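Participant: Handing you this structure, nothing more for now.
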């Protein structure tokens with residue numbers, strides 16, 4: 001279910017998220033007389049002299065500190081609030097530990113006379129925090145659900161044994177915090193054959209999968225002489241199982257229609273679309289089977305301002321039923337981010353309502369209850 005919501009009755013206004021350079025004061029630490037500033041949308045990080053702004057690795061930040069090593073430590077310490085809730089004794093210990101490993105999480109550096117620019121490697125920081133089990137709250141499995149995908153697709157459209165529907169399904173599951181294992185991919189060495197769910201589940205268990213999807217895809221294309229294009233149609237019928245006990249979870253069907261000048265491209269795109277749609281249904285079924293504990297995603301537009309992100313994360317973490325939240329993905333070219341949220345007994349539409357009550361300045365763009373996603377937009381920054 002996709003609910004597009006226009007909150008014109010509130011005192012909020014949507015922004016186009018296209019502001020120019022932004023100077024953001026992240027923190028002031030009087031004990032070390034340092035200031036950390038992020039200028040997200042300045043160019044120049046990829047080539048030549050390092051400048052503050054977004055980089056491929058994360059962000060380059062301007063720092064004032066006595067030494068370059070201290071500058072690295074301060075940059076990492078301040079960035080941790082985007083991933084770990086601050087204020088607890090545990091967060092203090094984590095900050096000490098990870099700032100002591102600052103060289104692992106920082107990259108290129110330009111530093112002279114107590115001032116410089118430090119590049120933060122968000123991906124490395126995320127991996128390290130996850131490896132230590134620090135991103136997931138207590139009660140949530142430390143391992144992402146693993147789903148074996150057995151998708152039968154039209155032979156003429158396969159690429160090395162892997163079809164577009166299965167590939168889109170795998171990518172879609174990843175967006176929901178789940179790992180898809182394509183059984184048709186020979187590199188995964190899935191040996192079980194036939195249609196017996198018990199035999200297939202035994203093979204899935206050998207690959208370390210918790211869940212299994214057995215699906216069949218079909219695709220066709222019809223030429224439209226009026227438009228001169230091909231209409232590709234695809235359908236994907238999927239049966240979902242819990243590997244332990246071979247317990248049936250759900251059966252879903254997804255359909256799609258796509259126009260393209262090429263018949264092959266039209267079929268391929270239609271298969272890709274049904275794969276994405278099926279991913280949201282599979283993720284929702286797995287979430288229900290996990291007893292009310294679920295992971296959601298909050299898409300925030302116009303928000304690559306660390307102070308704004310920290311305020312949003314604090315609001316999310318303060319919602320009753322939210323066990324944790326952190327920055328999961330950053331898209332500098334789109335000026336948007338994706339926050340991962342852990343919920344206990346809370347649905348995504350309830351989260352949307354409670355979040356807006358905590359921060360009425362936000363604009364709710366959409367809620368997708370099946371996939372556990374909501375989209376919001378920050379208000380326009382005052383000039």
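The values are calculated or read from the model by the stated rules, or taken from the named source; none is laboratory data. Every value quoted in this text rests on a predicted model; they were computed, and no experiment measured them. We place every Cβ from the backbone using ideal geometry, glycine too, and count neighbours over all the protein chains shown.
Participant: Conditions: (1) assigned to a loop (DSSP other than H, G, I, E, B); (2) in contact with a helix residue (DSSP H, G or I) (Cβ under 8 Å, 6 or more places away or on another chain); (3) touching a residue at least 60 places away in the same chain (Cβ under 8 Å). Residue 191 meets all but one. Number of the miss?
Facilitator: (3)
Participant: Restricting to the range 362-379, name every residue that is under 17 Å from the mean Cα position of the chain (by Cα), crowded, with 20+ Cβ neighbours inside 10 Å and in a loop (DSSP other than H, G, I, E, B).
Facilitator: Matches in the range 362-379: 371, 372.
Participant: Tell me, which helices (runs of 4 or more DSSP H) wholly within the range 54-105 include 2 or more residues that are more than 23 Å from the chain's Cα centre (by Cα), on the phi < 0 side of the Ramachandran plot and surrounded by 21 or more Cβ atoms within 10 Å (Cβ to Cβ)? Spell out the reasoning first.
Facilitator: Values: elements: 68-79, 89-99, 102-105.
Answer list for the range 54-105: 68-79.
Conditions (1) assigned to a helix (DSSP H, G or I); (2) not assigned by TED's automatic domain parsing to the domain that holds residue 238, marked per residue:
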residue: 252; (1), (2): no, no
residue: 255; (1), (2): no, no
residue: 259; (1), (2): no, no
residue: 268; (1), (2): yes, no
residue: 313; (1), (2): yes, yes
residue: 316; (1), (2): yes, yes
residue: 325; (1), (2): no, yes
residue: 328; (1), (2): no, yes
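Participant: Looking at the range 334-345 only, could you name the residues that are part of a loop (DSSP other than H, G, I, E, B) and either free of Cβ contacts under 8 Å to residues at least 40 places away in the same chain or surrounded by fewer than 16 Cβ atoms within 10 Å (Cβ to Cβ) (or both)?
Facilitator: Listed by number, the list holds a single entry, 345.
Participant: Can you tell me which of 215, 168 is at pLDDT 90 or above, in a helix (DSSP H, G or I), within 30 Å of residue 372 (Cβ to Cβ) and not assigned by TED's automatic domain parsing to the domain that holds residue 297?
Facilitator: Going through 215, 168 in turn, the sole match is 168.
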